Amino acid sequence: MTSATTSVQQDQYRLAVIFGSVREGRFVTTVGEWFVRRAERRDDVKLDVIDLARPDGDGRGLGERIEAADAVVVVVPEYNHSFPGELKVAIDSLRAQWRAKPVGFVSYGGRGGGLRAVEQLRLVFAELHAPTVREVVSFHDAWAAFGPDGEPLDADAAADAATALLDRLAWWAPALRRARENAPYPE
């Protein structure tokens, strides 16, 4: 996986993918690693995978990594009709680093597919001045939606949803990066 400090070509964007669960036996790695494999196929994305359960060994903290990103995708489960508390703590530990950075979501859960968690996260990111994109990759009854190989059983629909999300971020990320470079985001 590519570090967030890697230089980026004009048409590329730095994407931080956050694995938003730290529970033992968590499914976030199955869903998140699938999404990372999809993103790695693109020439316009430079990845930095942030697993909240595994602190990065290179010494960079969360703030530095989000600061370096042009966009963020949060891979989030739905726990009790919401998102994990550890994810909230991680998000709330930063402020300025989120401003004017587009955020997308890959969610999973039971019947709701994690969408209740996404709706609540949209409110949190709005308060941090981080616009969220409409496109979401959502896995309903996620534990039955993936095969033993870690690939979705409905591979085409999942791939189409991931492409739509990454395409939308490919527009927003460079546009907002240029805006941040041209003028500081107002306090």
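The values are calculated or read from the model by the stated rules, or taken from the named source; none is laboratory data. The model shown is predicted, which means the values in this text are computed figures rather than measured ones. In this analysis, Cβ positions are derived from the backbone assuming ideal geometry, glycine residues included, and neighbour counts consider all displayed protein chains.
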Problem set entry | Residue identified as farther than 25 Å from E67 by Cβ and small (G, A, S) among A179, A144 | A144
Problem set entry | Flag if Y108 is within 24 Å of I66 (Cβ to Cβ) and modelled with pLDDT under 95 | no
Problem set entry | So E119, is it acidic (D, E) and within 21 Å of A157 (Cα to Cα) | no
Seminar exercise, completed: Filtering the stretch 163-186 down to residues that are free of Cβ contacts under 8 Å to residues at least 40 places away in the same chain and closer than 17 Å to T132 by Cβ yields A164, D167, W171, A175
Exercise. Residues of the stretch 34-68 being touching a residue at least 12 places away in the same chain (Cβ under 8 Å) and in a loop (DSSP other than H, G, I, E, B), which ones?
Worked result: R42, D43, D44, L52, A53, D58, R60
Exercise. Which of the residues belonging to the stretch 128-170 are among the charged types (D, E, K, R) and surrounded by fewer than 16 Cβ atoms within 10 Å (Cβ to Cβ)?
Worked result: R134, D141, D149, E151, D154, D156, D160, D167
Exercise. Mind checking whether some residue in the stretch 69-77 is assigned to a loop (DSSP other than H, G, I, E, B) and either touching a helix residue (DSSP H, G or I) at 6+ places or on another chain (Cβ under 7 Å) or within 21 Å of R54 (Cα to Cα) (or both)?
Worked result: yes
Seminar exercise, completed: Here the residues within the stretch 91-127 that are in a loop (DSSP other than H, G, I, E, B), charged (D, E, K, R) and buried (at least 16 other Cβ atoms within 10 Å of the Cβ) are R99, K101
Exercise. Can you name the number of the only condition in (1) on the phi > 0 side of the Ramachandran plot; (2) under 16 Å from the mean Cα position of the chain (by Cα); (3) not aromatic (F, W, Y) that G150 fails?
Worked result: (2)
